[in-house]
Amino acid sequence: MRSFVARLILLMLMHVAFVRAAEIDPAVMEVGRVQFMMCAACHGKEGEGTAAAPPLAGSEWVGGGAENLIRIQLRGLRGPITVKGREYDIAGGMAPMAYQRDEQIAAVLTYVRQSFGNDAPPVQASEVAALRGEVGKPQLTVADLVPHGQAAPAAVATPSNKYANLDEGESFPRWVVIGIIVALLAGVGLWLAKSK
Ligand code: HEC
């Protein structure tokens, strides 16, 4: 009985550890929040949209493939574009913002995808790096984007939300800590199981 309880506790603790690891790194969200100030100038503080730009909150583009978002930021975008059933064609469109580092672009897009009621997988710096070749090309139009009805590109771009944080150098120490805790708990569990 004691061994059963020990195993059960061990399983529960391991579950908690893995669920925690699947969350978005708060440090990434903080970098994203700061970078978002620039987007907010046009898209609004809560991504609600303004006269200068369509909304990001609830936008099907934001919830769609990460590739679209990365390319929009690297090349800019000009309308017309339909967002939440309304067509926008704002003079000048959106200028490219390619000067930010890969990590900053990944962070701001992750922030947008995880804020204002949006809930889409994080964007990795490696995905931004892979699209750097887009920089300097003309502003995108909707025809250049992957139709957001197709879910597949998003899934391909971010195959595993759960271990996505492993790519980020900063979150590595957290994994070490979680690993040590899990190993310690496993040890205690085994010890409890043996000494029944
Ligand atoms: C100078 C104003 C401006 C800034 C700053 C800006 N955008 Fe935009 N953005 C636009 C406009 C305008 C459009 C729509 C194109 C059009 O109407 O011509 C757009 C469209 C978009 C779209 C696709 C449509 C939608 O609403 O989902 C995304 C995604 C987007 N922007 C993300 C961002 C992000 C992320 C940032 C910050 C890194 C940002 N934008 C900064 C003006 C801006």
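The Ser3 and Glu23 beta-carbon pair, evaluated with R₀ = 41 Å, returns a calculated FRET efficiency of approximately 0.85. Calculated on C-alpha atoms, the gyration radius of segment 26-160 divided by its Kirkwood radius gives an Rg/Rh of 0.92. Rounded to the nearest 0.05, the FRET efficiency derived from the C-beta distance between Glu46 and Arg132 at R0 = 45 Å is 0.90. Give me the tail of P(r) for segment 49-100 as a percent: Cα-Cα pairs with distance above 16 Å. Tail fraction, whole percent: 40. The distance between label points at Glu60 and Ala186 comes to 4.6 nm (points 7 Å beyond Cα on the Cα→Cβ vector). If you take every residue apart from Ala66 with its C-beta less than 12 Å away from the C-beta of Ala66, what net charge results, scoring Lys and Arg +1 and Asp and Glu -1? It works out to a net charge of 0.
One decimal place: the segment Met38-Thr82 gains 13.6 nm when fully extended, by the rule 0.36 nm per residue minus the C-alpha distance. Given segment 92-150, what whole percent of its Cα pairs are spread farther than 13 Å? For segment 92-150, the fraction of Cα-Cα distances above 13 Å is 69 percent. Can you return the aspartates and glutamates within cross-link range of Lys45? Criterion is Cα-Cα under 18 Å, with same-chain partners fewer than 8 residues away left out. Straight-line reach from Lys45, under 18 Å: Glu30, Asp119.
The residues packed around Ala95, meaning those with a beta-carbon under 15 Å from its beta-carbon, carry a net charge of +3 if Lys and Arg are +1 and Asp and Glu are -1. Model label points for Val142 and Ala95, set 7 angstrom from Cα along the Cα-to-Cβ axis, are 2.5 nm apart.
Throughout, read-outs are computed from the coordinates displayed, never taken from laboratory work. Computed from a predicted model, the values in this text were never measured in an experiment. Ideal geometry is used to build each Cβ from the backbone, glycine not excepted, and the neighbour counts take in all protein chains shown.
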